[in-house]
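Just so you know, all these numbers are worked out from the coordinates, no wet-lab data involved. Note that the structure is predicted; figures quoted are calculated from it, not measured. Reconstructed Cβ throughout: ideal geometry from the backbone, glycine too, with neighbour counts over all protein chains shown.
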Amino acid sequence: MKYIRRAADRGAVNLGWLVSKHSFSFGSYHDPKHMGVSALRVINDDMVMPGQGFGTHGHRDMEIISYVTEGALKHEDSEGNKHIVPAGDVQRMSAGSGVMHSEFNPSDTEKVKFFQIWIQPNKMGIKPSYEQKLFHKMGR
């Protein structure tokens, strides 16, 4: 199946502290023509202003991948993980049977930009887990 969604056609949300572009329906943005593709449910291009972020909230049975492109993202969760995710790092959180977490921009001056991708797992109710990795640019 061929699926093309041009950047200019994505859903836009501006909450002041968060500026986001959604490839698929998410939160207050709803478009029945764009609900996801197969197991892929979310591709959000997020920008969070300095000192702002997503307070503690829960997820379950979802694979959540964050790729930071500018600044840094502070992650804390109910499994005891507390990490700063700098630009260039990729974070993977398997929400599994349920996890509470928060994501904040720890900077008082710089914005953080990141992509967040949600994928429905093929196995439900697994133990929550977390991983973070730096992917070096080719040629370095």
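Values for this structure:
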{"read-out": "Charge tally in the Cβ shell below 13 Å around residue 50, where Lys, Arg are +1 and Asp, Glu are -1, residue 50 excluded", "value": "0"}
{"read-out": "Members of 113/133; 2/133; 74/123; 21/127; 74/113 lying beyond 23 Å, as alpha-carbon distances in this model show", "value": "2/133; 74/123; 21/127"}
{"read-out": "Span from the the stretch 1-35 Cα centroid across to the the stretch 97-124 one, whole angstrom", "value": "17"}
{"read-out": "Aspartates and glutamates whose Cα lies under 14 Å from that of residue 82, excluding same-chain neighbours fewer than 8 positions away", "value": "103, 131"}
{"read-out": "Translational diffusion of the stretch 1-139, µm² s⁻¹ [Kirkwood Rh, Cα pairs; Stokes-Einstein; 25 °C; 0.890 mPa s]", "value": "157"}
{"read-out": "Extension reserve of the residue 52-residue 133 stretch, reckoned as 0.36 nm per residue once the Cα distance is removed", "value": "26.8 nm"}
